[in-house]
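Take a look at the structure set out below.
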Ligand code: GRF
């Protein structure tokens, strides 16, 4: 397909969502090409996984920089070098400054392992179990300066089953993430996702996986 958007995936760890996105983008009709994977941790297992899939993968080690903004300047230079249209955060564990985030408004998305606005931050599965919710899931959202606060693009829900441990729930949610993220990124690339600030249109049954 012509006019595919060029995306970089930012990771910090194992990169299973990254792998799902790379797999989706193998289809020439998918509207996004993954042009680079960048990790802030040089030892992230996802880097090797990306290289095995034939994607340019590199580290920009945040520890090598004196400040958050120096790190972001180096990251920005790599994104520019790859001529990136979209930045896709997939388990990227660094908070970014408001100026950096704002320079990517409407072009940077994240996946969070909870049905936002419930359970922002870490340990979402443990907190979902403690709260006794019956539905849990994941959210793809635009990135704004407030953590896990940006406009919601798509969500997938999964049931919380009797006897679930946090790791059972994490696996069920992760499986949904791997389906949701490629679908949500495609919508953003095609201009079908609500853009920043627009009212979210809810389509019943759309992008809701419950199994
Ligand atoms: C996922 O659960 C994602 O929602 C969260 O971090 C985890 C990353 O996992 N932001 P992986 O590196 O994609 O396997």
**Study point:** Zone residues, region 99-140, relative to residue 69, backbone N less than 11 Å from point 7 Å out along Cα-to-Cβ
**Key:** 99-100
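Would you order 30, 181 from fewest to most other beta-carbon atoms within 10 Å of each residue's own beta-carbon?
On the way: 30 19, 181 25.
Ranking 30, 181 by Cβ neighbours within 10 Å, fewest first, gives 30, 181.
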Review point. Over the chain, what is the percentage of antiparallel beta bridges among all DSSP beta bridges, to the nearest 5?
Key: 40 percent
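Classify region 1-106 as rounded, prolate or oblate from the Cα gyration tensor: take a ≥ b ≥ c as the square roots of its eigenvalues, call it rounded if a/c is under 1.5, otherwise prolate when a/b beats b/c and oblate if not.
Oblate is the answer for region 1-106, as a/c is 1.5 or above yet b/c matches or exceeds a/b.
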Review point. In degrees, nearest 10, range 0 to 90: what is the angle between the Cα axis of helix 68-81 and the longest Cα principal axis of the chain?
Key: 70 degrees
Check your understanding: For residue 126 and residue 179, what is the calculated FRET efficiency with R₀ set at 22 Å and r taken between the beta-carbons, to the nearest 0.05?
Key -> 0.40
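How high is the relative contact order of the chain, given as a whole-number percent (alpha carbon pairs under 8 Å, six or more residues apart)? Please list the in-between numbers first.
Working: 398 pairs, mean separation 39.8, N = 211.
Answer for the chain is 19 percent.
Going by how many other Cβ atoms sit within 10 Å of their own, how do 109, 9 line up, fewest first?
Values: 109 25, 9 30.
Ordered by Cβ neighbours within 10 Å, fewest first: 109, 9.
Using a 10 Å cut-off around each Cβ, can you sort 88, 32 from fewest to most neighbouring Cβ atoms? Could you put the intermediate results ahead of the total?
Working: 88 28, 32 22.
Listed from fewest to most nearby Cβ atoms, that is 32, 88.
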**Study point:** 13 Å cut-off, amide nitrogen to a point 7 angstrom out along residue 14 Cα→Cβ, residues in region 45-69
**Key:** 45-46
Study note, to complete from the structure: Full extension between residue 135 and residue 77 adds, at 0.36 nm per residue less the Cα distance, a length in nm of 16.8 nm
Study note, to complete from the structure: Scoring region 71-145 by relative contact order with C-alpha pairs under 8 Å, at least six apart, yields a percentage of 35 percent
Exercise for review: Post the alpha-carbon centroid distance, region 146-171 to region 3-19, in whole angstrom.
Suggested key: 20 Å
Review point. What FRET efficiency comes out for the pair residue 161/residue 23, r = Cβ-Cβ distance, R0 = 30 Å, nearest 0.05?
Key: 0.65
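Laboratory data are not the source of any read-out in this text; all were calculated from the coordinates shown. Computed from a predicted model, the values in this text were never measured in an experiment. Neighbour counts run over all protein chains shown; Cβ positions are idealised from the backbone, glycine included.
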